[in-house]
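Each remark here refers to the structure printed beneath this line.
The values are calculated or read from the model by the stated rules, or taken from the named source; none is laboratory data. Note that the coordinates shown come from a computational prediction; the quantities given were computed from them, not determined experimentally. Because the Cβ atoms are built from the backbone with ideal geometry, glycine has one as well, and the counts that use them run over all protein chains shown.
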């Protein structure tokens, strides 16, 4: 019997053993070239490979500084799901002296059956064409499937090469081949960065291609996505694998790529990210051996970054690809459970050539990383150390803690970063995060930790400049004001049965405000996610006034059913009424536009 030419691999090395990203000619097409602000840009397309007898080609935007006299480092940018190659991403790094390739691996344009056009495409331009296969989001069900089927490499057998991630990684690795062949590029200094699904692909590329000398995944690339995680109330996992889970783990799980990464890795993310679960990011990157690894976390956010986190990416590349100054080391930290007063402490000892502007310590008691409310601990500076007490821990729950250390940059960074909320043209600090510390309920009991005995009726007295809130209004922003918090999900601030929420605010003009609560956000193991809205017309006044909200005031947005209790809330928000509606209510366009400045909230509490 003849040997199977495509046996099922059982390791990353076996999966990629027969692929050489340099083997086939690129057959590069230059679709268009233009110049702007001292930069050269080209729309290009190159051969990915031939699959099932049909060639597949990748469209991309390529840019580099004009008038180069020597070769420069290069970075490949990988867009996220539903995204496209972005000229803005190329410009940002070209302006810093890099050659940049933004690949257009393809994604669904809304619900339309079409591959996204590149930002710079013109009518009739050739686009990415996968030919006889389809690893894009139009074939979404194949992102975690190895089963045979149409548009897959193998239609007669289960195989890891049937998974979309395999073909997408091939396309990106061919992008590296494109870069190293450009006369402007130093082929020994290639970096890769990506966001969301692009963060996943960054990990795949870095784990399979030693040409990568620095990698920056963002909000993606965490391992064990196929594994069920135990939470209070049930079990959940990020993705269900179609096929042999063991083979998927060995050949396509990020945890199997991390040990093969041979370059420095900076992971940027959001603490409550739905896609890159915080705990698993640490768990995965701990497997990277012999290489610098850093973390930078945006607290309270989901799938977005704060400026001090976003700026770490260009600074990381500047150091490892251009011999620029290094980022600080991961701040040293220790979780001390035993103490004289029964209150655990996190001790942070940052060491850096950069001055420390401040240290923020955050802790939570929620096992689910997507729904955690991150409490802010008060930090006391003792010489070179910061000490924070982690108080009011309920019995029977675990403890999670980490620190964000903010360092003052030698000069402000004027970088307009993508995927960053509250964008600032002048970024004066950079954020590096400590390791994530965990203690089980049993660990806390054995250490004699004093357990919280009561619930705080005051949710927020608004004296901490909104540190427990996300999506806060910023001067000059185009989107409407909105305030959101996960604080109501924490047992310390959960609403008691029969209580009313009291909201004290100042509002100059009469307006309609929607108070919104979300149940079971991302917690499908606990029940269906539901959004409830309570609309109030608040009369304008120069004096503070109080609005009382009862459970029965909140109506489910889809069917008008009343909220039953405060017990399973995950988020509470205050927003302009045009943007949150209850079924049967007047259309948003019929609601008067917001008048005057945003509300000034002064106090939230349970009555």
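Across region 166-189, not a single residue is classified as surrounded by 22 or more Cβ atoms within 10 Å (Cβ to Cβ), over 17 Å from residue 51 (Cβ atoms), modelled with pLDDT under 95 and in the same structural domain as residue 66 (by TED's automatic domain parsing).
Given the condition surrounded by fewer than 12 Cβ atoms within 10 Å (Cβ to Cβ), more than 27 Å from the chain's Cα centre (by Cα) and either at pLDDT 95 or above or under 26 Å from residue 600 (Cα atoms) (or both), answer yes or no: does some residue in region 473-485 qualify?
Scanning region 473-485, I find no residue that is surrounded by fewer than 12 Cβ atoms within 10 Å (Cβ to Cβ), more than 27 Å from the chain's Cα centre (by Cα) and either at pLDDT 95 or above or under 26 Å from residue 600 (Cα atoms) (or both), so the answer is no.
For region 255-274, a residue qualifies if it is under 24 Å from residue 163 (Cα atoms), outside any loop (DSSP other than H, G, I, E, B) and in contact with a strand residue (DSSP E or B) (Cβ under 9 Å, 6 or more places away or on another chain), and exactly one does: 258.
No other residue among 205, 219 is touching a strand residue (DSSP E or B) at 6+ places or on another chain (Cβ under 6 Å) and at positive phi apart from 219.
The criterion of at least 2 residues that are at pLDDT 95 or above, assigned by TED's automatic domain parsing to the domain that holds residue 336 and farther than 19 Å from residue 268 by Cβ is met, among strands (runs of 3 or more DSSP E) falling completely within region 385-455, by 385-389, 399-413, 437-439. Selection of region 279-311 for residues being surrounded by 22 or more Cβ atoms within 10 Å (Cβ to Cβ), assigned to a helix (DSSP H, G or I) and touching a residue at least 60 places away in the same chain (Cβ under 8 Å) yields 281, 284, 307, 308, 309, 310.
If the condition is being at pLDDT 95 or above and part of a loop (DSSP other than H, G, I, E, B), then region 207-226 contributes 209, 210, 211, 219, 220, 221, 222, 223, 224. Filtering region 350-367 for residues that are in a strand (DSSP E or B) and surrounded by fewer than 16 Cβ atoms within 10 Å (Cβ to Cβ) leaves a non-empty set.
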